[in-house]
Amino acid sequence: CRYEFLEEIKFKSPAIIFGTDLSEVRIAKARAASYKDISADISPERLKRFFIKTEAGYKISERIRKICIFANQDVTRDPPLSNMDIVSCRNVLIYFDAILQKKALLMLNYALRPGGFLVLGTSESPGVLSNHFTAIDKKYKIYSKNTTAQRFPLNHYTAPDLALKPAAKKDSSAAKKI
């Protein structure tokens, strides 16, 4: 649980959790914060701390919902957030080819403040940007952005090996003849 991680590291600043996804349907579900019976999957202690029992199942408590903002975002195209303390991008990179992985990792690198945490899926790693991160927990794939890591400028994301091919220029002479 990200909230428990914040407590464990004694994070003092007001926390805001941004949840993003490509799917509007998933964003709407996250905003609703309602779940069917989850008691078999979540410990009684966590249920008591973070959820409210409802007729339909459980709803995330107001104190957690107050710190969550959800938005539609494409990690490979949309401008990244910046100076983030923690970015969790679990089980996303494994579906990308090498070029998209690099682009996404550059965006995540930009989004994190120096010393910020990157949380990846169990089959993922910072790959080509490994020298920008220090493994904090290898089992759970938690990395810290090195304080000396270069923060690439936003125009770096359109480097030749990442850029899409430009659209072919239209022949303007044909348009003038009409």
Once you've got the Cα coordinates, tell me which of Lys66/Lys141; Lys10/Lys103; Lys102/Lys139; Lys29/Lys141 are over 30 Å apart. Lys10/Lys103
In order over the stretch 104-119: 3J(HN,Hα) from phi, Karplus 6.51/-1.76/1.60, θ = phi - 60°, whole Hz, x for each Gly or Pro, gives 5, 5, 5, 5, 5, 4, 5, 5, 7, 6, x, x, x, 9, 10, 10
Using modelled backbone amide H atoms (1.01 Å from N, in-plane), which distant-in-sequence or interchain residues come within less than 5 Å of Phe51's amide H? Ser61
Sequence-distant or interchain residues sharing an amide H contact under 5 Å with Phe18, placed H: which? Ile69
Amide H to amide H, which residues 5 or more places from Leu81 or on other chains are under 5 Å from it, using H placed in the peptide plane? none
Cα-based radius of gyration of the stretch 21-124 once divided by 2.2 N^0.38 Å, which approximates compact folds: 1.26
Enter the Cα centre distance for the pair the stretch 89-124 and the stretch 33-88, rounded to the nearest angstrom. 20
Ordered by residue, what ³J(HN,Hα) values in Hz, to whole numbers, does the stretch 39-46 give under the Karplus form 6.51 cos²θ - 1.76 cosθ + 1.60, where θ = phi - 60° and Gly and Pro are x? 4, 6, 9, 10, 4, x, 4, 5
Which ³J(HN,Hα) values, rounded to whole Hz and listed in residue order, are derived for the stretch 124-141 from phi using the Karplus coefficients 6.51, -1.76 and 1.60 in 6.51 cos²θ - 1.76 cosθ + 1.60 with θ = phi - 60°, glycine and proline given as x? 10, 8, x, x, 5, 9, 4, 6, 9, 9, 10, 5, 9, 9, 5, 5, 9, 6
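Read-outs throughout are calculated quantities, based only on the coordinates presented, and are distinct from any laboratory measurement. Only a predicted model underlies this, so the values are computations on that prediction, with no experimental measurement involved.
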